[in-house]
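Bear in mind that the values in this text are calculations on the coordinates, not laboratory data. All figures in this text were calculated on a predicted structure; none of them were measured in a lab. Cβ: placed from backbone, ideal geometry, glycine included. Neighbour counts: every protein chain shown.
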Amino acid sequence: MAQKLAAGNWKMNGTEASLAEIDAMIAAFPAPGCKVLICPPATLLERLSRRAGNGPIATGSQDCHMKASGAHTGDISAEMIKDAGGSYAIVGHSERRTDHGETDAIVCAKAEAALAGGLIAVVCIGETEAQRDAGETLDLIGTQLAGSIPEGVTGDTLVVAYEPVWAIGTGRIPTIEQITEVHDFIRTRLIERFGAEVGAAVSLLYGGSVKPSNATEIFAVENVDGALVGGASLKASDFGAIIDALQKA
Ligand code: PEP
């Protein structure tokens, strides 16, 4: 059985004052009925990890360089993420694929580096609106899955986040039928590649405009094990409502 996971991606948002949101989340959910993860900007990772302590909220980064160290100005490695208290690394977010030209091969190398450094890789995939309109969604998802996920993963080291690019930050979400179709497809492909046990144990997150108002219907989909949440993860009240919907699902 895949673990339920509510993951927050703060993107390029947050300063010292934002850490109070963590305190509010911990106070509201001292023992949540699902795994909770916050991926703040790199500047806050250590402070947030210290604040979270050994409590129920895990922390992680929004990226991870493919190399362990070296002359890569502005980047951070898996070892640094671990050192700052993180245990997860998001890789292949569509904003990084677009803003930084990250290909499936780069994403795969980053996921590999995250795993080698003892982190759990959250690999993001998803189609653009033009790809969906052209009927290419499942082909694209199949290609991204094959190209972005390294060999040797398990349900303990890999999370896959399906994030339609056109749903991120737009307030638009796919229909429940569309989410179901893609998540069933991802599950099938993972089982085909990694076997029934591993394929069934990988948490599949839906991401893209998840809010308290739509979380319950999304979490009712069979192969949705949680969400990767951007905007709504910045406020403890909104993210708390999403955590609550997931723990009840
Ligand atoms: C994201 O960036 O991963 C995301 C899902 O953003 P939002 O929830 O704001 O659409």
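Being away from the ligand (no atom under 12 Å from the Cβ), polar (S, T, N, Q) and touching a strand residue (DSSP E or B) at 6+ places or on another chain (Cβ under 7 Å) is the filter here; which residues of segment 90-109 pass it?
none
Where in segment 63-117 are there helices (runs of 4 or more DSSP H), lying wholly inside it, with at least 3 residues that are surrounded by 22 or more Cβ atoms within 10 Å (Cβ to Cβ)? Please lay out each step first, then the result.
Working: elements: 78-83, 94-99, 104-116.
Fully inside segment 63-117 and qualifying: 104-116.
Taking segment 118-130, which residues are surrounded by 19 or more Cβ atoms within 10 Å (Cβ to Cβ) and not in a loop (DSSP other than H, G, I, E, B)?
Residues of segment 118-130 that are surrounded by 19 or more Cβ atoms within 10 Å (Cβ to Cβ), as a first pass: 119-127.
Scanning segment 118-130 gives I120, A121, V122, V123, C124, I125.
Working only within segment 3-31, note down all residues that are surrounded by fewer than 20 Cβ atoms within 10 Å (Cβ to Cβ) and either on the phi > 0 side of the Ramachandran plot or outside any helix (DSSP H, G or I) (or both). Outline the logic, then answer.
Restricting attention to segment 3-31, the residues satisfying the condition of being surrounded by fewer than 20 Cβ atoms within 10 Å (Cβ to Cβ) are 3, 11-20, 23-24, 26-28, 30-31.
Q3, K11, M12, N13, G14, T15, P30, A31 - these are the residues of segment 3-31 that are surrounded by fewer than 20 Cβ atoms within 10 Å (Cβ to Cβ) and either on the phi > 0 side of the Ramachandran plot or outside any helix (DSSP H, G or I) (or both).
For (1) of a type in the set (V, I, T); (2) touching a residue at least 12 places away in the same chain (Cβ under 8 Å); (3) touching a Lys or Arg at 6+ places or on another chain (Cβ under 9 Å), each residue gets a yes or a no:
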{"position": "A58", "(1), (2), (3)": "no, yes, yes"}
{"position": "H65", "(1), (2), (3)": "no, yes, yes"}
{"position": "G70", "(1), (2), (3)": "no, no, no"}
{"position": "Y88", "(1), (2), (3)": "no, yes, no"}
{"position": "S94", "(1), (2), (3)": "no, yes, no"}
{"position": "D99", "(1), (2), (3)": "no, no, no"}
{"position": "C108", "(1), (2), (3)": "no, yes, no"}
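Step by step: first the residues of segment 1-42, then only those that are of a type in the set (G, A, S) and touching a Phe, Trp or Tyr at 6+ places or on another chain (Cβ under 9 Å), then the one that is farthest from the ligand (Cβ to nearest atom). Which residue is that?
Initially, segment 1-42 is screened for residues of a type in the set (G, A, S), giving 2, 6-8, 14, 17-18, 20, 24, 27-28, 31, 33, 42.
Then drop every residue that is not touching a Phe, Trp or Tyr at 6+ places or on another chain (Cβ under 9 Å), which leaves 6-8, 18.
Working: A6: 12, A7: 8, G8: 9, S18: 16 Å.
Within segment 1-42, the match that is farthest from the ligand (Cβ to nearest atom) is S18.
Which residue is surrounded by the most Cβ atoms within 10 Å (Cβ to Cβ), if the candidates are limited to segment 32-53 and must be free of Cβ contacts under 8 Å to residues at least 40 places away in the same chain and closer than 15 Å to A236 by Cα?
P40
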